[in-house]
1. Under a point spin-label approximation (7 Å from Cα along Cα-to-Cβ), what is the A:GLN126-D:ASP186 distance to one decimal in nm?
2. Which residues among the stretch C:146-188 fall inside the zone where the amide N is under 15 Å from a point 7 Å beyond the Cα of C:LEU371, along Cα→Cβ?
3. Once label points are set 7 Å from the Cα along Cα→Cβ at both A:LEU103 and C:THR6, what is their separation, rounded to one decimal in nm?
4. In what sequence, highest mean first, do A:145-158, C:120-133, C:199-212, B:67-80 appear when ranked by Cβ atoms within 10 angstrom?
5. State the extension gain, in nm to one decimal, for the chain segment bounded by D:GLU153 and D:ASP129, taking 0.36 nm per residue of separation less the distance between their alpha-carbons.
6. Pairs C:LYS72/D:LYS40; C:LYS76/C:LYS295; C:LYS324/D:LYS37; C:LYS244/C:LYS295; D:LYS116/D:LYS200: which are spaced more than 24 Å apart, C-alpha to C-alpha?
7. Beta carbons within 10 angstrom, averaged per residue: use that to sort the peptides D:186-197, C:329-340, highest first.
8. Take the Cβ-Cβ distance between A:ILE6 and A:VAL175 as r, set R0 to 35 Å, and report the resulting FRET efficiency rounded to the nearest 0.05.
Amino acid sequence: MNPIAIGVFIVIALLTLGSGIMVVTVRNIIHSALWLIASFIGVAALYLLMEAEFLAVVQILVYAGAVSILVLFAIMLTRQVTGEGVRVVFERWWVALLIALGLFGVIVPTLWKHGATWEEAAKLAQVGPTPVDGAANSLQVATATEIGRSFMGEYLLPFEVVSVLLLMALIGAVVIAYEERTRRRRVLTLAEELALKKRGIVEPRDAEGAVVPREAEGKVILLDSEQA
Amino acid sequence: MVGSVPLVWVLTLAAGLFCIGLFGALSRRNIVGMLMGIELMLNSVNINLVAFWRYLQPTGTAGLIFAIFTIAVAAAEVAVGLAMVIAIYRARLTINADEIDTLKG
Amino acid sequence: MADALTQLGFASWLSVLIASIIKVTLILVGGSVGMMFLTWYERRSISYMQDRRGPNRVGPQGLLQPISEAIKTMTKEDATPRDADKIVHFLAPVVMLGATVLSFAVIPWGRMFPVDLNAAVLFVIATGGLHSIGMMMAGWGSNNKFALLGGMRGVAQLISYEIPQVMAIIPVVLMTGSMSLQKIVEAQNDFAGLGWYVFSPVGLLGFALFFTASLAEGERTPFDIPEADSEIIAGYMTEYSGMKFAVFYLSNYMSNLAVCFVTATLYLGGGNGPGVDALGGIAGGLLSLVYFLLKSFALFFVMVLIRATVPRLRVDQLMSFAWKFLLPLVLVNILSASFWVALLRWDQQWPQLTEWFGAPSTADATNWGRLAIAIVLTLLINAGAVALIMRLTNRNVQKHLYTTDEELALGLS
Amino acid sequence: MTLSHLATEDVFVVERNDADFRAGQGMTKGLGIVFRKFRKALFGKPNSDRADTEGQFNVQYPEERLAMPEAYRNMPILLYDDATGHELCTSCFQCERICPPQVIHITQAKDPATGKPVPAAAKFVLEYDTCMSCGYCAEVCPFDAIKMDHDFELSTANHPELDVDYNRLLRPVSYYETIAPTMWSDVKEQAMKKLQNNIKRRPGDIGRDHGQKIKGGAPVAAAATPAAGAAPAAGAAKPRGPVAAIGKNMSEDKTAKLLAIRAANAAKRGGGAADAAPVAQAAPVAEAVAAAPAAASAAPTGPVAAIGQNMSEDKRAKLEAIRAAKRAERGE
């Protein structure tokens, strides 16, 4: 029994669960996203505690560094007026609460029923291979190297499938979020405008001096001054 | 860690996180809020995978591999989901799930 | 250190705790002192580049200038905007500094490794990625449009440059066969401590790419767009003053120090150098520390040189540089790194290659013939890729400079 | 932005050289240039030749100083003759009249025996804080008595200290000769001639009785360090009682002195501050210091309203005293 390990676990568990609760209860959606980051970091610390170093780092890199930032960006791009009197949860949120609590009530007793069995199995699993030279029995937990070998060997097909999935997600996200521009605009540089002028291509203007768009070989010349 | 903290504690933590995420996903009006709840649920699943790997099969890699797959899938899901959120916002100027009630895009 | 304490009679968990606390204190002190030295070093060297002298009044050669500045900053008023999100505003610098200090947990000082993490390389990158959260918090929490602009710019920049940065490390990881910084340093100890990766074609290109991407990660000029002071005041730091601003400053310079340390470790052999192994023991350790610091500060000098030379990029130039220039080169570099590894060490990495092509002639000693082939092959690939990219970029630049007659006639380009 | 309103030749387009603009080349070249500058500045000799654009240019200010041009002007000073100790000023009021910010205040000296004006100043006050260094006073002075000094390190934490009187204004002619030799040699002869004429019309010590002066014509040591010039004057014994010392207690001292003079003048005038008059009449000037509070309480009844509202109390009193004295002299 290592008191430090227990203490650290309890602290991490409280951090993770506490910030998880804040994620779903806080009114301000940005605060909610920030609490989500705290929760992700708590989970990463838990992985570190369980000696899954590679996974902990990936968790920070992907979740805390990328997913949460994506969420924050999405919130800021779709910001709407939030304040007192605006509902952030559905009217029947208590149904959701009941469902969640009910699920928790089902899962936990089931887990604790099997706890003793798992303890036995865990004790057996912690014994490493018998050393040849009679040295202390040491357990070599799988590292990033083994993960890489498994990816390239046993799990090659799932690996490829996931890469295709990521590629599809990449393309899909771009396609969905792409804002189609009907007209392309470009600000001409001084040199270009001068060249236009030298060739006698001067955009026509109306009485007030504003530029009148005109058709040139079926394409519209659009200059910066046309934005108005 | 393994000698001190029983496996059940970790699993209980994961179950708690899952239920919190479930509550968030069901109760939030905001689509981004729902997505955040789903992220919490996926994380709790990952905790389970890693815990079972560490306690029951530490020399193997299956638990870690599937946790990484989950992370990849979650990242893909978030990317597409948020792209959809932005597209919906452009079309409707709202991201509240109960206000998006027409089938036409 | 923990073992020594256990032998002294402490309980095992207590000795671990004490050893950790000592290590953390040393890292914090070393990091802050390094940061202070760095500010002085940068100001002095950039002064000489601009025909000035720089701070030379406080202490010998102005070495105590950072301390006087620290005292000045601490006595300033700590103001929070009225409509700011107080807690987020307060936490942003804490998150920034926390992320930086976290990365120091795995960064070696010469041959001294605070923690030898399995995935140390990725860990450094991941903690660098945490900066974007602090930036976002500072930008959003200040309730200031310039701060928000700076924060958004910074986050976009950090996220896009993380990709070339991570991928520039992959060749090193391939060549070492491990992500542990300690193993990477050990792997560069051939040829009397001079077998640094930067001397191979793969490592040279990787070094250039990683260092450039790291400049962007550390918001150094020419990538200081998030805090472009001529455009958006001070970016996400606009609403910060006093100690909070000082914490941002500390975090920035500490992460610059971390970038120099990591680059020196990954490509310049860390604390390796001629004479380290020969001396051995404590003297060898000190010599390795000296080598390491020399390499790191030489790298920082390059940063300062770039800052004194190159003007700031535009946002679109920033993005196209990352995606159109760095990323293709990084991918090509990974390709040539795999050729390198396959040629030099196929017996270790891919036993099946031995089955197909026969065993390599000598297992342990350096095979000069294969080394020569590998150098020529990777050099050809890398140089060809660089030349191609340069030519394409050049054409792009010219296309933006001169518009062709047809485009002008159409008014489109 | 369109250029339609511009003629083609109005726009200057820089033609770029392709060879210089290949990707990466310009950057490498630039880094090389900057590094060369760094090397030259760090290891090369400090640059003394202004035509050379590289190397270390800095002047390390407090230790190294650039030589001041002769015509540099900072703040006005008053000159006195080394040999006789006589001041060149004859209180002709030309400088007071021309001064754009009106910071010069002169009181003409009088012969105690006859009461007639003497070509010398009894008091000369200059407000350095408001002076704009235009140099008109030096330009206009017919006797070359007021000149512009080269000393620019005048900053102080004590604001009233910047209202200077004779004690800080006087410099020997030899000092001015060291800082502006050609400018002085141009006017030296006529200035000295005029001074000799004026000395004849000055009875007794009038005209050389202010501050500390070095008699006997020895070269003045103070000339080398201008700031030190004022120091001996402050520490030395004063020829007359109420002359204020420069330093922290100056403003208090001076206020009392000025109030006393003002009270005396008011008494002479017989009107104005009637209740302050008997006090001033009864007591000698030195003792009038004690009556200062009484005089101060009477002050607002005087021409204070005419003076700016944001002036400090002692300055206002001082100015009022000077004006009252002048009015009395004019015989109002």
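Please treat every number below as a calculation from the coordinates, not as lab data. Please read all numbers here as calculations on a predicted model, not as lab measurements. Glycine gets a Cβ as well: all are built from the backbone with ideal geometry, and neighbour counts include every protein chain shown.
1. Computed distance between label sites A:GLN126 and D:ASP186 equals 9.9 nm.
2. The answer is C:187-188.
3. That separation, rounded to one decimal, is 4.3 nm.
4. Final packing ranking: C:120-133, C:199-212, B:67-80, A:145-158.
5. That works out to 7.3 nm of additional length.
6. C:LYS72/D:LYS40; C:LYS76/C:LYS295; C:LYS324/D:LYS37; C:LYS244/C:LYS295, as the Cα separations exceed 24 Å there.
7. So the peptides D:186-197, C:329-340, ranked by packing, come out C:329-340, D:186-197.
8. Efficiency, rounded to the nearest 0.05: 0.10.
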